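Let me begin by presenting the structure, written as structure tokens, before commenting on it.
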Amino acid sequence: MVQPQLPLELWLYITQFIPDAALRKDLLEVNKFFYEISMDLRYRQVHLQTLNPTTLKIISRLSDPHVGKRVRHLTVGPDFRHFDYSPPPAQKRRTTIRNRISSALHLLSRIPEPVAPPGHEATKALIDVLPGLTNVSSFVIDSHSWIPYSRLNINRFLQTSWSAFSSNLTTLSLRGHTASFHTIIHSRPEFPLLRELVFELMDHPHTDQFQLNAAEILLGDVVPFINSFAPRLQALTMLYWGDYDLSEFLKRLGEFPLLSAFNFQATFSRTLETDPSGLTSFIEKHCSRLEHIVLRLYPSPVGLNNATDEPLDRWMKQCFTSVQLSRLRELHMYPTSYADGMDALISCLQQTRDTLTNLVVRDLHLDLVQLERIVNTIGPNLRYLRFNVRKMNVELFDMLSRLTSLESLSLYIGTITPTFFMDIESRRYKDWKLKNIAVWHGYQLEKSLMYSIMTSLPFSKNHWDRETALEIAESDLR
């Protein structure tokens, strides 16, 4: 069949209406244009962390320069300490007394040979293909399992990576403990185009050693490394799931004149309670330029009152009633169940009425009184809203329908009133422009609820499928 000779612009327009899954698999052989699109989608993002036959196959494919050049986002755990690989089963041998005696004698006479780690060969293969990945612009290194006595040549991996694509990198993400950060930083990479840094800090496998060296590495290596990008850094993320005090670390961070996105997630009661002034100062220095803020300081789950939340509650109110967030477009807030936590959120919403388009409120399950206070404060430009609610009833939707510009809604619900299905059938929200909705009940996406709600929404095109809703839920945590 002769393919029509269409202009490239028209082919590109057509692809906007084809799901990525179909472009990746079903249209590969249609013509050269769709082949290139399919291959780009298949290899744009590559994850190489778990050792299994699929990983080995991907590494083999990347050895082809035609494939390797397509990788833009690369995530690697170069030591492959997480492996799920079983070699093909050996052919069974008939068991006899003679065979057993022969096997025993063989084992007794055999000189044991050193056994390479399961991921050793995969690591060598990975290093060999790195020079061909010349277009990588986003690089994630998962180094949490690196240990001092690892047989892996970490320096060779790092130097080969930097030679291949450090000049292209706009985003660098490091996941691991401070000792691994020390190794990476001291490999002396240069990133002339870097705009985004992500640090996901974990405790060292040998906790005592971590506690002894963490402060020195954080203050002596990580802080100067971050500050070295001050003239051009636009986004900074810091995630920490341990007990180390980050107060001094935050105090030593400099000023970043182009910073527009800040994501900080840690447990306030363990890492900042003694002195949160560093975090306050950092937010104050950059508040007039920030457009995206994610601040998760882990209050007690499910909105339970807890004495450990009180210092966080006071800090949130003090901080967010004093800053001026004049450009904020996206806010992810995790308020406590105390009044000051809600006051801090309301203060943010009041300041950002004219600019805020995306709002995520997590951890706290809201009641209708709290939600009404939020809805009454939200400005006219909100397009995306995500929150937890204790009870799902039709009054909830009557209230939300006042947000006429809202296009996407993601709800995590506790209970459902028995009459909800009957009540929602009688509603028609004619002025509500909501197009997409996801309703989660526990870990389940409630399709029957979403279908019922959609009948009341004249603009609603579809509900999010599970894959899309999961992607959105995961992005809420970034």
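Read-outs: derived from the displayed coordinates by stated rules, not from any lab. From a predicted model like this one, the values you see are computed outputs, not experimental measurements. Methodologically, a virtual Cβ is constructed for each residue, glycine included, from the backbone with ideal geometry; neighbour enumeration extends over all protein chains shown.
Numbers at a glance
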item	result
Ratio Rg/Rh [Cα only; Rh per Kirkwood] for segment 379-419	0.99
Residues in segment 131-145 that a label on Y35 would reach, taking backbone N under 19 Å of a point 7 Å out along Cα→Cβ	none
Once the Cα gyration tensor of segment 308-455 is diagonalised, semi-axes √(5λ) in Å	27, 18, 12
Neighbour-count ranking [beta-carbon atoms within 10 angstrom, fewest first] of S38, S180, S167	S167, S38, S180
Length added when fully stretched, S277-T355, from 0.36 nm per residue minus Cα-Cα	25.4 nm
Residues in segment 261-294 reached by a label modelled at K251 [backbone nitrogen below 20 Å; 7 Å Cα→Cβ]	266-286
Rg/Rh ratio calculated on Cα atoms of segment 167-206 (Kirkwood radius)	1.02
